[in-house]
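As structure tokens, the structure follows; a few thoughts come after it.
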Amino acid sequence: MKQAKDIERLDKVLANNGFGTRKDVRRLVRSGAVTVNGEVQLDFDSHVNIQCDVIAVDGETVAVRRHVYLMMNKAAGTVCSLKGGAHDTVYDQLPAAYRGKFLGGEISAVGRLDVDTEGLLILTTDGVLNHQLTSPRQRVAKVYRVQLRDGVDEAGRSRYAGQLAAGMHIPPEGDAPEADCLPAELAWGGDDRSCELTVYEGKYHEVKRLFAALGNEVVHLKRIAVGTLSLDASLVPGECRELTEAETAQLRAAGENSAAAKEQKDDRH
């Protein structure tokens, strides 16, 4: 059964799959170079079903996708905004194939990492998934590897973990107001300055502000996981790759299930 969301104009499909502007595509169609299900299609504003119709240009099948899902190892010194000013943006580092517009729209970062923060950044054209992963109501886990300025003794570690687990108040910073943060989970690493922090929201500079409120300072920060999806260790800073179907499913599950799971956990305590 055809679904309305799968029906698109032929010229839109081709334009959003790298065949030029709508004007370019219309000339291409009129030239007889485009076939749909093996038959030449000269009507550029005809409609196709992107799920089942086979579209080809000069005999080569066009792989039509509505959405794209990417994992990037964000490099320090880059920003997640479209205009970087003094800094390169993560969009500048995307391969040319991902800089255009897809049927689902343009690629956008899922949340933002600070200019000096490294690590896992998801980019997608899927606005629904983007909202699910960034909405504080969903409480999707984000895990950060943290290097602190000051070493913390055993008693201090216990205090840090307890205060973070209880939910902390952070003072204002710049234009960001003071805030009460959701409970966070702290796990210490191999030395007294290294730890991993799991947060369930994305307030401005949240991780840095939490440790500042504890009397310490973050000197290096790297996001290593979102939900159950971990950063691919083979990606060098600035490099990206497409998510597998299984990884995309992991993100969908995180967006759909995190809030319910967290509420059940809170109810047990």
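With a ≥ b ≥ c the root eigenvalues of the C-alpha gyration tensor of the stretch 64-194, is it rounded (a/c under 1.5), prolate (a/b larger than b/c) or oblate? Don't skip to the answer; put the middle values down first.
Details: a/c = 2.24, a/b = 1.88, b/c = 1.19.
Cα axes put the stretch 64-194 in the prolate bin.
For the chain, report the translational diffusion coefficient in µm²/s to the nearest whole number, using Stokes-Einstein at 37 °C, 0.692 mPa s, and a Kirkwood Rh over Cα pairs.
Numbers: Rh = 21.0 Å.
Result for D is 156 µm²/s.
Assuming R0 = 22 Å, what is the FRET efficiency of A246 and R65, from their Cβ-Cβ distance, to the nearest 0.05? Write out the running numbers ahead of the final one.
Details: r = 17 Å, r/R0 = 0.77.
My answer for the efficiency is 0.85.
For a quick check of your reading of the filter: which GluC sites (Glu not before Pro) in the stretch 147-185 sit in a DSSP loop and have no more than 13 other Cβ atoms within 10 Å? Spell out each step's value before the answer.
Numbers: sites: E154, E173, E178, E185; in loops: E178.
Those that pass, being in a loop and sparsely packed, are E178.
Here's how it looks for A176: its modeled amide H is under 5 Å from none belonging to a residue 5 or more places away or on a different chain.
What separates the Cα centres of the stretch 177-248 and the stretch 110-126 is a distance of 11 Å.
Among the trypsin sites (Lys or Arg not before Pro) in the stretch 1-47, which ones are in a DSSP loop with at most 16 other Cβ atoms within 10 Å of the Cβ? Mind listing them? Present the calculation step by step, with values, prior to reporting the outcome.
On the way: sites: K2, K5, R9, K12, R22, K23, R26, R27, R30; in loops: K2.
In loop regions of the stretch 1-47 (DSSP not H, G, I, E or B), the sparsely surrounded trypsin sites (Lys or Arg not before Pro) are K2.
Amide H to amide H, with H built 1.01 Å from N, T117 comes under 5 Å of G77, counting only residues 5 or more places away or on other chains.
Given a 1.4 Å probe and every protein chain left where it sits, what share in percent of the accessible area of the chain is carbon and sulfur? It would help to have the intermediate numbers written out before the result.
Numbers: 6890 of 14150 Å².
Within the chain, the accessible surface is 49 percent carbon and sulfur.
For the stretch 142-151, 3J(HN,Hα) computed residue by residue from phi via the Karplus equation (6.51, -1.76, 1.60; θ = phi - 60°) reads 10, 9, 10, 8, 10, 10, 9, 5, 10, x Hz, glycine and proline entered as x. Ranked from largest to smallest solvent-accessible area, with a 1.4 Å probe on the protein heavy atoms, T125, T35 come out as T35, T125.
Note on E185 and K5: their simple-model spin labels are 3.1 nm apart, each label 7 Å out from Cα toward Cβ. Note on R149 and D24: their simple-model spin labels are 5.1 nm apart, each label 7 Å out from Cα toward Cβ.
Want the number for V128 to N257: 0.36 nm per residue separation, take away the alpha-carbon distance, what's left? Write down the numbers at each step before the final one.
Numbers: separation 129, 0.36 × 129 = 46.44 nm, distance 1.43 nm.
Additional length available on full extension: 45.0 nm.
Once all protein chains are placed together, S158 keeps about 80 Å² accessible to a 1.4 angstrom probe.
Extension gain for the segment R99 to N37, taken as residue separation times 0.36 nm less the Cα-Cα distance, is 19.5 nm to one decimal. Each residue of the stretch 221-230 was assigned a 3J(HN,Hα) from its phi angle through the Karplus expression (A = 6.51, B = -1.76, C = 1.60, θ = phi - 60°), giving 9, 9, 7, 10, 7, 10, x, 9, 8, 9 Hz with x at Gly and Pro.
Our coupling estimate for the stretch 187-199, obtained by passing each phi through the Karplus curve with A = 6.51, B = -1.76, C = 1.60 and θ = phi - 60°, is 10, 7, x, x, 9, 7, 10, 10, 7, 10, 10, 10, 10 Hz, Gly and Pro reported as x. In percent, rounded to a whole number, the relative contact order of the chain is 19, using alpha-carbon pairs under 8 Å and six or more apart. Taking a ≥ b ≥ c as the square roots of the eigenvalues of the alpha-carbon gyration tensor, the stretch 1-122 is classed prolate because a/c is 1.5 or more and a/b outweighs b/c. Seen from R99, the other residues with C-beta closer than 11 Å to its C-beta sum to a net charge of -1, counting Lys and Arg as +1 and Asp and Glu as -1. Here the gap between H87 and A166, fully extended at 0.36 nm per residue and compared with their Cα-Cα distance, gives a gain of 24.8 nm. Under a 5 Å amide H cut-off, with hydrogens placed 1.01 Å from N, A141 pairs with G227 among residues at least 5 apart or on other chains.
In this entry, the stretch 187-264 is assigned a mean projected area of 7.2 nm², taken as a quarter of its C-alpha convex hull surface.
The values are calculated or read from the model by the stated rules, or taken from the named source; none is laboratory data. Every value quoted in this text rests on a predicted model; they were computed, and no experiment measured them. Every residue, glycine as well, gets a Cβ built from its backbone with ideal geometry; the counts of neighbours run over all protein chains shown. In case anyone asks, the SASA skips ligands and DNA or RNA and just uses the protein heavy atoms, side chains included. Shrake-Rupley method; radii C 1.70, N 1.55, O 1.52, S 1.80 Å.
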